[in-house]
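This report concerns only the one structure given below.
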Amino acid sequence: PALMLLRPLLLLAVLSCFNPGLFSLGSETGETYYELLQVSTKASMKEVKKAYRAMALKYHPDKIALSATEEEREAAEQRFMRMSKAYEVLSDEMIRNRYNTLVENGIYEYDEKTWNTFVYEN
């Protein structure tokens, strides 16, 4: 079971190397990683992990009905990848603190490039 949870993070890392803009849904939807995982901003690491596991089981792309359209499958995959990204960010205390700073300034997506740009411009 633990390896099942790591697979999406590894896939996320590989895909983001080839297409850094792939996970830009946050700025488009205005949804924070906290909202996506349905946890409070004060949630402990244990609560974040529990929420991610529950959401990953619920929204895993393999659980999409066979009758789903290609668009529905793509949306499910993107949501799952975004949930994986949210978990990756919120489960690392340093990155989570950086993300919180970005959210306070209206930026809902985290990556190193965004953080570095923000730091050097402010």
Roughly how many percent of the accessible protein surface of region 46-122 is carbon and sulfur, given a 1.4 Å probe and a whole-percent answer? 50 percent
Karplus couplings for region 74-88 from phi (6.51 cos²θ - 1.76 cosθ + 1.60, θ = phi - 60°), rounded to Hz, Gly and Pro as x? 5, 4, 5, 5, 5, 4, 5, 5, 5, 5, 5, 5, 4, 5, 4
So what does E74 come to for accessible area, using a 1.4 Å probe and Å² rounded to 10? 80 Å²
Mind grabbing the accessible area of M94 for me, 1.4 Å probe, Å², rounded to tens? 110 Å²
Integer Hz, Karplus 6.51/-1.76/1.60 couplings in order for region 54-60, x for Gly and Pro: 5, 5, 5, 5, 6, 10, 4
Between A54 and N105, what length comes free when the chain is fully extended (0.36 nm per residue of separation minus the Cα-Cα distance, one decimal in nm)? 15.4 nm
In nm, the gap between the two label points placed 7 Å beyond Cα toward Cβ at T69 and M45 is 4.3 nm
In whole Hz, with x marking every Gly and Pro, tabulate ³J(HN,Hα) for region 109-119 from phi via Karplus 6.51 cos²θ - 1.76 cosθ + 1.60, θ = phi - 60°. 10, 10, 7, 4, 5, 4, 4, 4, 4, 4, 4
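The values are calculated or read from the model by the stated rules, or taken from the named source; none is laboratory data. Treat the numbers as computed from the prediction; the structure is a model and nothing was measured. Ideal geometry is used to build each Cβ from the backbone, glycine not excepted, and the neighbour counts take in all protein chains shown. Just so you know, the surface numbers come from the protein's heavy atoms only, side chains and all, with ligands and any DNA or RNA stripped out. Shrake-Rupley method; radii C 1.70, N 1.55, O 1.52, S 1.80 Å.
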